[in-house]
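Since the structure comes first, as structure tokens, the remarks are kept for the end.
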Amino acid sequence: MAADIGRFTTEPKIAYFSMEIGLKKEIPTYSGGLGVLAGDTIRSAADLRIPMVAVTLVSRKGYFRQDIDEEGNQIEHPVEWDPADHMTLLPEKVRVEIEGRDVQIQAWLYVVESVTGGQVPVLFLDTDVEGNREEGRTITHFLYGGDERYRLKQEVVLGIGGVRMLRELGFQIRKYHMNEGHSSLLTLELLNRFKRDIEEVWDEEHVWDTERVRSMCVFTTHTPVEAGHDKFPYDLVRDVMGEIVPLGFLRKLGGEERLNMTLLALNLSRYVNGVAKRHMEVSRDLFPGYEIHAITNGVHSYTWTCESFKRLYDRYLPGWANEPELFVRVDKIPHEEIWKAHMEAKIRLLEFIKEQTGVVMDPDVLTIGFARRATAYKRANLLFHDVERLVRIGQGRIQVVYAGKAHPKDEPGKGLIKEIHRYMKSLEGKIPIVYLRDYDMDIALRMVSGVDLWLNTPLRPFEASGTSGMKAAHNGVLNFSVLDGWWIEGCIEGYTGWAIGKEPEETIVGEDTSDRDADDLYNKLEKVIIPTYYERREIWIKMMENAIGKNAYYFNSHRMMRRYVTEAYIR
Ligand SMILES: *Cc1c(COP(=O)(O)O)cnc(C)c1O
């Protein structure tokens with residue numbers, strides 16, 4: 001199999017770089033939305049036979065396995081998995097210099113294969129190889145682990161090592177797509193590769209062919225949250241990677257004070273985009289002077305549709321998985337069959353909940369789902385803003401399912417998990433609430449298909465896109481969400497779902513809108529959502545149909561990839 005790499009190098013490819021990639025539960029090299037999006041990107045590229053190769057890190061210890069104790073304290077364990085169970089180690093080796101010493105890199109090959117015959121090779125870079133010193137071997141162990149120095153070393157391996165590995169394996173690359181700034185050091189490797197060979201240098205910087213590099217690079221920025229943009233002090237940069245390009249020149253590209261990976265990517269990419277229309281606007285404010293476009297995210301339809309809906313779509317919309325546009329014909333499916341498929345998914349989720357937590361939930365009760373990274377701006381606790389009011393509205397009428405990991409260093413995020421556990425206890429006997437442990441792609445699919453209502457309450461404008469709501473729509477689950485990210489584009493009030501809080505143009509960045517948002521949330525839950533669910537079931541099911549026909553129809557990664565091809569890759 002190893003020698004087989006040649007079958008992928010016969011035509012030029014798009015190289016897709018991502019620090020994390022979520023291919024499946026068993027390959028735990030992802031932490032959340034960014035990685036799952038990367039996985040969906042690759043799956044759609046394979047289905048659509050887009051010539052692509054993906055590059056990431058092998059993260060041998062994964063992100064972490066989450067346990068939660070009685071009090072709601074998150075306990076983190078390394079994930080035990082062996083890349084050899086899933087992939088093939090290629091014999092080729094490349095080197096990068098880190099802290100003045102050579103670090104050797106090898107790559108594991110995993111091939112994403114589509115039923116259409118399309119294939120996308122994914123290279124998982126690994127420094128845990130024979131001959132490396134101990135510090136070198138651990139660089140590709142922990143996803144988002146360690147300190148700043150560790151992160152920078154990982155980014156050297158991903159960006160610089162990744163480009164070298166592609167060349168060593170014989171790939172010809174026509175575009176480099178950086179999925180977030182973690183991989184933007186790749187631009188420096190390209191600058192060196194395309195250095196002008198001129199005798200008379202009248203201007204030191206004339207040797208750098210930045211235009212050529214820009215013409216080869218595409219950059220997608222993913223978050224308006226400040227901490228989401230890596231910035232490294234130049235002392236650290238010099239210490240870890242030496243002067244791969246002269247530091248004076250690097251400062252012009254990546255920022256005077258610190259090396260800002262987002263800025264570096266912005267300056268060296270001809271095509272730059274945000275992940276929803278609103279996120280494009282926010283990014284333009286954040287980085288004035290740059291031309292920033294929007295390609296709104298999507299999810300891989302086949303991956304994010306549960307078994308019972310797959311059967312339904314196969315029967316009424318054959319071909320839907322590779323042509324999600326067929327969701328436009330969702331009206332062909334009888335309402336009672338939509339409901340039946342939904343109840344099947346709901347019962348499966350409730351069985352899983354019973355298995356994991358021992359809690360028995362009622363399939364006839366309106367079930368609300370909330371699962372995402374536990375971090376402050378996502379406001380997992382907004383539902384409990386006024387607990388008495390929630391009980392008055394919801395007792396006997398709603399039950400709630402939570403899940404989500406907090407980054408090991410995100411103390412406020414961990415605090416949110418504890419807070420929800422306190423409400424779980426204090427509302428016992430009034431509103432059943434569970435918190436599922438170890439949120440991953442499997443639990444995500446169970447939840448987005450098995451609840452009735454998908455809740456999202458981010459603080460604006462920090463939800464760049466959000467994708468779990470798109471997964472819900474693929475399973476006829478209705479969204480109830482703050483108007484931010486994709487939902488601004490997806491929400492037709494009372495038709496595809498419901499909005500929480502103000503219109504986006506009425507909001508001021510940094511304003512705490514929690515009182516007003518919670519008030520709106522309770523009002524709609526009481527006056528519209530609960531009555532529709534229990535008393536006007538026909539309207540509810542009609543809305544489920546709309547979610548499929550309007551939201552799943554549009555917010556899928558096939559549409560997204562067609563747009564990357566026509567707007568970014570072939571330019
Ligand atoms: C889809 C998904 C996410 C992203 O969900 P958001 O709504 O964008 O926060 C995170 N983690 C897992 C496991 C997912 O499947």
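Condition (residue is of a type in the set (D, E), away from the ligand (no atom under 11 Å from the Cβ), in contact with a helix residue (DSSP H, G or I) (Cβ under 9 Å, 6 or more places away or on another chain) and part of a loop (DSSP other than H, G, I, E, B)) applied to the range 451-467: is it met by at least one residue? Yes: one or more hits. Tallying residues that are within 11 Å of the ligand (Cβ to nearest atom) and of a type outside the set (A, V, I, L, M) within the range 430-450 yields 5.
Applying the criterion of being assigned to a helix (DSSP H, G or I) and within 18 Å of the chain's Cα centre (by Cα) to the residues of the range 266-286, the residue that is surrounded by the fewest Cβ atoms within 10 Å (Cβ to Cβ) is K277.
Condition check ((1) polar (S, T, N, Q); (2) touching a strand residue (DSSP E or B) at 6+ places or on another chain (Cβ under 8 Å); (3) under 17 Å from V400 (Cβ atoms)) across all residues:
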residue	(1), (2), (3)
N322	yes, no, no
L326	no, no, no
I338	no, no, no
A341	no, no, no
E351	no, no, no
G358	no, no, yes
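Of the residues G490, G485, G497, which is open to solvent by less than 10 Å² (accessible area, probe 1.4 Å), closer than 15 Å to V282 by Cα and in contact (Cβ under 8 Å) with a residue 24 or more places away in the chain?
Numbers: G490 fails: closer than 15 Å to V282 by Cα; G497 fails: closer than 15 Å to V282 by Cα.
Criteria check complete, one pass: G485.
Just give me the residues in the range 422-450 being part of a loop (DSSP other than H, G, I, E, B) and farther than 29 Å from H229 by Cβ, in sequence order.
At the first step, the residues of the range 422-450 found to be part of a loop (DSSP other than H, G, I, E, B) are 427-432, 437-440.
Across the range 422-450, the qualifying residues are L427, E428, G429, K430, I431, P432, R437.
Among residues of the range 34-56 that are on the phi > 0 side of the Ramachandran plot, those with a Cβ under 8 angstrom from a residue that is away from the ligand (no atom under 13 Å from the Cβ) and modelled with pLDDT of 95 or more, sequence gap 6+ or separate chain, pair up as R49/S114; R49/T116; R49/G117; R49/G118. Considering R372, R348, the condition of being crowded, with 22+ Cβ neighbours inside 10 Å, in contact (Cβ under 8 Å) with a residue 60 or more places away in the chain and of a type in the set (K, R) is satisfied by R372 alone.
Among the residues that make up the range 417-429, is at least one of them within 22 Å of L143 (Cβ to Cβ) and within 16 Å of the ligand (Cβ to nearest atom)? Before the answer, list the steps.
Initially, the range 417-429 is screened for residues within 22 Å of L143 (Cβ to Cβ), giving 417.
Add one more test, that the residue is within 16 Å of the ligand (Cβ to nearest atom), and what stays is 417.
Yes.
Looking across the range 313-342, the residues that are under 28 Å from the mean Cα position of the chain (by Cα) and open to solvent by 10 Å² or more (accessible area, probe 1.4 Å) come down to D314, G319, A321, N322, E323, E325, L326, V328. Taking the range 291-308 as the range and being surrounded by fewer than 24 Cβ atoms within 10 Å (Cβ to Cβ) and within 12 Å of T221 (Cα to Cα) as the test, the residues that pass are I292, H293, A294, I295. Based on what the data block shows, is L525 within 30 Å of E351 (Cα to Cα), crowded, with 24+ Cβ neighbours inside 10 Å and away from the ligand (no atom under 15 Å from the Cβ)? Answer is yes for this residue.
The criterion of at least 3 residues that are aliphatic (A, V, I, L, M) is met, among strands (runs of 3 or more DSSP E) falling completely within the range 49-165, by 52-57, 94-98, 101-113, 119-126.
In the range 1-13, the condition of being crowded, with 22+ Cβ neighbours inside 10 Å and of a type in the set (F, W, Y) is met by no residue.
Filtering the range 389-407 to residues that are under 18 Å from Y435 (Cα atoms) and open to solvent by 10 Å² or more (accessible area, probe 1.4 Å) leaves K405, H407. Looking only at the range 424-453, filter to residues that are within 16 Å of Q356 (Cα to Cα) and among the acidic types (D, E); which one of those is least open to solvent (accessible area, probe 1.4 Å)? Applying the filter and picking the extreme gives D440.
The values are calculated or read from the model by the stated rules, or taken from the named source; none is laboratory data. The structure displayed is predicted, hence computed values, not measured ones. Using ideal geometry, Cβ is built from the backbone for each residue, glycine included, and neighbour counts are taken over all protein chains shown. In case anyone asks, the SASA skips ligands and DNA or RNA and just uses the protein heavy atoms, side chains included. Shrake-Rupley method; radii C 1.70, N 1.55, O 1.52, S 1.80 Å.
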